[in-house]
Amino acid sequence: MGNLNLRVWIIAAIVGLLGIVLVANRWKTAEFTPEKSAETVAPMQGMQGDGLPQQEISRIEFLNAVFEKTKPSPLVTRILTAKTGTYPKDSLELALRWAQETENGPLVALLQTDLAEQFGAQSDEKSQSEIAKNLIFSAAMSVETPIAAAYLFQLGKKHIDAGLKKNPKNSDLLNALIVYQSEYLNAPMQFLGTLKTALAADSSNIDTHFIHLNLLKKSQQWPKALKKCEKLISLQPQNPRWLFEMSEVFGIMGDSVNAKVYLNLAVKTQKSVQSFK
């Protein structure tokens, strides 16, 4: 009970100090500024990981899934169900605004991809990496809607494959592939191999280490998670995010002394960062 109370206290302190939840979703980003911020399920037939469909999902199936709660206007419906490339840019942007206003994350990711593919420089390596990352991380944040998440994972994987074919050492694509393999395929041997490749390509990549930290936390490997926090702190000593992470892990492990030490360090670093604004 003591450990539970300590953990609650730490999390409450973090939220109160920052005004936001630091980790809205563990895959969203490893970047942090003051302004921004495992339960095992037996796989079902045709399912993998957290019950995500493995069969190919069509765009119509995706749209039906994301519209279960919020129905679009007739105009937005026509835009979304039309043949790809038949609507002008301003129409897609209108649909994107509707998706953003209704907080439909999966649909936002799809429309951003449509716009990038039709009117952006998607053949550029950086642009293709951004598309893949956006799809994969949006999929990981949408697992409560399995069909939508599966569609985004599948679409993102196509962009990952195309990008890695051009540059097998692209860190952004390798990071996206790790999330795909861990969250969609639930294939530890695969994502550990990709993680090794990613760290070999760039041993100081913050996002790679952050993703590894979350995988360690998900599998409750707390001593290794502490080591990963130490690595992140060494790479970004002025980022309070990693001090908060260290405090939380110590709290989960029942080490109240170190949990409080790192929480205080995080608060101090946070104030120092804000003083430079």
- Message: If I ask for residues that are touching a helix residue (DSSP H, G or I) at 6+ places or on another chain (Cβ under 8 Å) and of a type in the set (D, E, K, R), which ones from the stretch 242-268 would you list?
- Response: Glu245, Glu248, Lys260
- Message: Testing Ser203 on (1) in a helix (DSSP H, G or I); (2) surrounded by fewer than 20 Cβ atoms within 10 Å (Cβ to Cβ); (3) polar (S, T, N, Q), one condition comes back false. Which one is that?
- Response: (1)
- Long-range neighbours under 7 Å by Cβ, at least six apart or interchain, first residue closer than 13 Å to Met246 by Cβ within the stretch 214-230, second among the hydrophobic types (A, V, I, L, M, F, W, C) and not in a helix (DSSP H, G or I): Trp222/Met253
- Note on the structure: Being closer than 30 Å to Gly51 by Cβ and outside any helix (DSSP H, G or I) narrows Asn186, Asn175 down to just Asn186
- Message: If the requirement is being assigned to a helix (DSSP H, G or I), of a type outside the set (Phe, Trp, Tyr) and under 15 Å from the mean Cα position of the chain (by Cα), which of these qualifies: Ile147, Ile211?
- Response: Ile211
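All of the numbers you see were taken from the coordinates with simple rules; none came from a lab. Note that the structure is predicted; figures quoted are calculated from it, not measured. Using ideal geometry, Cβ is built from the backbone for each residue, glycine included, and neighbour counts are taken over all protein chains shown.
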